[in-house]
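Inspection log for the structure reproduced underneath, given as structure tokens.
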Amino acid sequence: MSDLEAIVEGLNPAQRAAALHQDGPLLVIAGAGAGKTRTATHRLACLLARGVPPEAVMCITFTNKAAREMRDRAVALVGADARRVMIRTFHSAAMVLLRQYIGDFPESGRTPSFTVADPTIQLALLKEAIAERNFDLKANRPESFLWRIGRYKNELADPESLLARQPSHDLMDWSRVLEMIRSTDRYVNRLTAEIWKRYEEKLRRNDMVDFDDLINLFVQMLREKPDIRADLQRRFTYLQVDEFQDTNVAQLHMVKLLAGKRQNVMAVGDDAQSIYSWRSADIRCILEFERHFPGARTILLEQNYRSTGAIIRAANRLIAHNAGQRPKRLFTAAPEGRPVVAHEAETEVDEAKWVVQRIRAGAEAGRRWGDFAILYRTTAQGRPFEEELREASIPYQVVGGPRFYDRREVQDSLAYLRLVHNPRDSVSLERVLNAPRRGIGERGLQRLLALAAQRGVDLIAALRVAADEGVLQDEAAAGARQLHDHLRRAREALERQPGRFAAAMERLLRESGYLAYLQEEDRRKEERRSEVVESLIAAMHEFERRSPDGGLGAYLDHLALLEGQEDESGGDVVKLQTIHSAKGLEYPVVFVVGMEQGLLPYQRALEEGNLEEERRLCYVAITRAREELYLTGARVRWQRGEMVLTTPSQFLSEALGPGPAQPLWVPASAD
Ligand code: ATP
Ligand code: MG
């Protein structure tokens with residue numbers, strides 16, 4: 001048996017055809033659990049077995065965790081060479097390539113040590129931009145600009161194109177009302193464009209890019225720099241993209257530009273699982289794949305290997321109610337298995353109790369904690385389940401729960417790290433100047449920034465110059481001089497030993513007085529923030545141990561790419577997560593909770609006419625289950641301080657009932 005045959009041995013004929021496909025565009029489209037990800041992994045192995053160099057393949061996955069899994073499986077199939085394949089998310093691939101090439105793209109205004117602005121920094125910069133125009137921050141909330149600008153970036157727009165944009169209410173001019181709407185629209189676009197321009201300028205000056213920029217700037221570089229484009233096209237001869245249904249326009253362009261004339265693109269996806277339109281995913285990217293990549297071959301996979309017959313039937317019935325889906329067959333050779341159970345509890349607390357009871361019973365019958373997942377529409381729904389699990393002493397993890405990195409003390413510590421790494425970062429400087437206070441207020445900061453710009457020095461150097469030349473005086477000068485010394489010493493330590501950043505950063509946080517300041521605050525307020533910083537320090541040392549040649553930059557990148565949704569633990573614990581974050585995953589036992597009108601489908605989506613996307617979301621949830629599926633809800637629920645009688649989700653009868661006239665809740669005694 002040849003190597004290739006050994007690799008495709010366990011695949012069905014359609015999967016095999018896809019895995020053996022070599023040149024030219026290929027679209028693999030299939031329902032949930034039909035082995036799309038598995039097929040893509042085997043295709044990667046086939047390419048390597050055929051002698052394609054690992055460095056010539058780029059695989060895009062939806063999460064960092066999925067990337068790790070694909071890498072491990074490819075290594076198991078063809079050996080350690082597969083480690084050298086670039087398997088990353090869109091953002092992470094764009095980031096490493098930007099770092100490598102941005103030195104040859106000086107027009108971007110960034111250096112190879114640019115940092116990624118997280119939402120806290122983005123908001124700080126937007127606030128500055130809004131304040132410069134003397135706009136009221138209440139009426140012009142930075143969050144709304146952040147959201148709008150993010151969306152435009154995902155469409156590859158820029159401030160200029162926004163100004164040229166026609167008002168969106170493009171109806172007949174039949175009344176003055178419409179004219180009013182038009183001019184409001186034009187006004188909002190002008191305002192956004194202007195704030196956006198200032199915001200971009202600030203990012204540049206700080207040597208920063210924001211999360212969406214990673215893709216945009218990369219696409220811009222590919223467009224404007226033919227040499228870089230040619231180099232990258234030579235370097236990556238094969239591209240594979242998983243979860244293609246959630247690609248946005250900017251990402252589609254990234255793929256097209258990298259593929260060039262060769263068009264060796266394998267896209268894998270399921271239009272019925274497109275659930276990220278709110279983040280500008282554009283379902284047309286997959287529906288019109290053949291238009292973007294002419295001559296593409298399409299392969300459909302129809303056999304589901306994940307779930308029992310009962311689960312697949314529920315999924316098929318549900319999604320059949322969507323008019324906008326490409327019709328697909330999905331069958332399984334697996335036995336019927338246990339019936340899908342729907343359970344209506346009295347209150348949300350009773351719902352949580354019921355679920356936890358089931359989990360306990362399952363564990364007693366031999367299941368591991370890690371076999372169970374509780375999926376919900378909105379993060380807040382997790383709370384009662386957490387409480388019941390804690391009560392029952394069952395180990396659990398909230399995937400994407402309150403982010404460690406959003407805490408004030410973590411943000412403060414990271415500001416020190418960022419400033420050392422990127423001494424043009426004025427937002428981090430401002431944080432550092434205030435934690436602890438050093439007698440340098442808003443005016444002092446402005447002087448420092450102006451001085452740095454005038455002299456063409458970075459912000460760390462400016463601290464020293466300001467102190468020496470009397471730009472800052474007394475307490476402020478002393479504070480600036482001290483801070484300068486600490487930061488410079490940290491930078492020097494990194495220059496000597498770039499890989500050993502953790503000890504240098506630990507020293508900085510201790511000697512600069514930050515930790516002592518926190519400890520003092522903890523004593524006063526009876527808090528434990530300093531312990532959080534100690535655990536951050538431990539995490540840095542751990543990161544350094546695992547990636548010895550990474551360094552501070554790699555650590556900051558690692559943090560920037562943790563989207564907060566990902567499960568980093570991998571331990572044997574019950575998982576609580578939103579449906580959005582469960583895409584691509586599978587669990588033996590799944591509870592989809594809160595099956596009520598207004599929750600799933602979500603109220604706002606109902607109002608905006610997005611019922612089909614909610615149905616796709618429910619489809620994703622249901623199809624995560626391998627052996628047992630429970631759909632639960634509460635008859636009454638607290639909403640805005642009131643007990644409200646709920647209505648069962650319409651998806652229940654769509655998925656389970658033979659017709660809409662049937663009772664909505666299927667008796668739980670069925671199992
Ligand atoms: P999703 O749409 O949820 O991302 P998918 O189409 O990517 O699903 P996979 O995750 O690749 O599906 O596969 C689902 C499950 O079926 C996995 O456990 C996988 O190992 C198994 N599987 C896929 N194909 C086969 C096969 N030919 N033989 C046996 N098991 C298979
Ligand atoms: Mg998959």
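Coordinate-derived values only; no laboratory data. What you see is a predicted model, and the numbers here were worked out from it, not measured in a lab. Cβ: placed from backbone, ideal geometry, glycine included. Neighbour counts: every protein chain shown.
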Note to self: Please list log₁₀ I(q)/I(0) at q = 0.20, 0.22 Å⁻¹ for region 400-531, using the Debye equation with identical point scatterers on the alpha-carbon positions.
What the structure shows: -1.18, -1.34
Checklist line | Helix axis angle, 348-364 relative to the chain longest principal axis, alpha carbon, degrees | finding: 70
Check: Looking only at region 200-233, which residues have a backbone nitrogen under 17 Å from a spot 7 Å from the Cα of GLU132 in the C-beta direction?
Finding: 200-210
Check: When Rg is the radius of gyration of the Cα atoms in region 221-301 and Rh is its Kirkwood radius, what does Rg/Rh come to?
Finding: 0.99
Next item on the list: Would you mind checking the tilt of helix 459-468 against the longest principal axis of the Cα atoms of the chain, expressed as 0 to 90 degrees and rounded to 10?
Entry: 20
Next item on the list: Summarise the long-distance tail of P(r) for region 287-404 by giving the % of C-alpha pairs beyond 26 Å.
Entry: 44
Next item on the list: Would you mind counting up the charge near LYS127? Only other residues with Cβ under 13 Å from its Cβ, with Lys and Arg at +1 and Asp and Glu at -1.
Entry: -1
Next item on the list: Apply the Kirkwood formula to region 49-93: the hydrodynamic radius equals the inverse of the mean of 1/r over all pairs of different alpha-carbon atoms; give it in Å with one decimal.
Entry: 10.6
Check: Hey, what does the equivalent ellipsoid look like for region 320-468, semi-axes from the Cα gyration tensor as sqrt of 5 times each eigenvalue, largest first, whole Å?
Finding: 55, 22, 14
Item checked: Assigned charges on the beta-carbon of Lys, Arg, Asp, Glu; region 215-348 dipole about Cα centre (debye) -> 740
Checklist line | Magnitude of the charge dipole, region 270-395, Cβ model with Lys/Arg +1 and Asp/Glu -1, debye to 20 | finding: 560
Note to self: Give me the dipole magnitude in Debye, nearest 20, for region 264-315 about the Cα centre, with unit charges on the beta carbon: positive for Lys and Arg, negative for Asp and Glu.
What the structure shows: 100
Next item on the list: Find which of ALA34, ILE60, PHE236 sits farthest along the positive direction of the dipole of the chain, computed with +1 on the beta-carbon of Lys and Arg, -1 on that of Asp and Glu, about the Cα centre.
Entry: PHE236
Item checked: Quarter of the Cα convex hull surface for region 443-510, i.e. its orientation-mean projected area (nm²) -> 4.9
Item checked: Whole-Å semi-axes of the ellipsoid equivalent to the chain (Cα gyration tensor, √5λ, descending) -> 43, 31, 28
Next item on the list: Report the semi-axes of the equivalent ellipsoid for region 1-70 in whole Å, largest first, where each axis is √(5λ) for an eigenvalue λ of the Cα gyration tensor.
Entry: 18, 16, 12
Next item on the list: Please give the peptides 216-226, 323-333, 5-15, 35-45 ranked by average Cβ packing (other Cβ atoms within 10 Å per residue), highest first, as a rough proxy for protection.
Entry: 35-45, 216-226, 5-15, 323-333
Next item on the list: Let me know the Rg and Dmax you get for region 125-166 when you use only its Cα atoms, in Å.
Entry: 11.4, 29
Check: Which of the chymotrypsin sites (Phe, Trp or Tyr not before Pro) across region 450-559 are loop residues per DSSP, with 11 or fewer other Cβ within 10 Å?
Finding: none
Next item on the list: Please give the length that would be gained between GLU495 and ASP406 if that part of the chain were fully extended, namely 0.36 nm times their separation in residues minus their C-alpha to C-alpha distance (nm, one decimal).
Entry: 29.1 nm
Next item on the list: Subtracting the Cα-Cα distance from 0.36 nm times the residue separation, let me have the gained length for ARG437 to GLU608 in nm, one decimal.
Entry: 56.8 nm
Check: Near the amide H of TRP638, under 5 Å away, which other amide H atoms are found, from residues 5 or more places off or on another chain, if H is placed in the peptide plane?
Finding: GLU348, VAL644
Next item on the list: Return the long-range amide H neighbours of CYS59 (sequence gap of 5 or more, or a different chain), with a cut-off of under 5 Å between placed amide H atoms.
Entry: MET86, ILE87, ARG88, GLN240
Check: Once Rh is set to the Kirkwood radius over Cα pairs, what Stokes-Einstein translational diffusion coefficient, in µm²/s, holds for region 261-318 at a temperature of 25 °C and a viscosity of 0.890 mPa s?
Finding: 176
Note to self: Restricting the calculation to Cα positions, tell me the Rg (one decimal) and the Dmax (whole number) of region 471-628 in Å.
What the structure shows: 23.7, 71
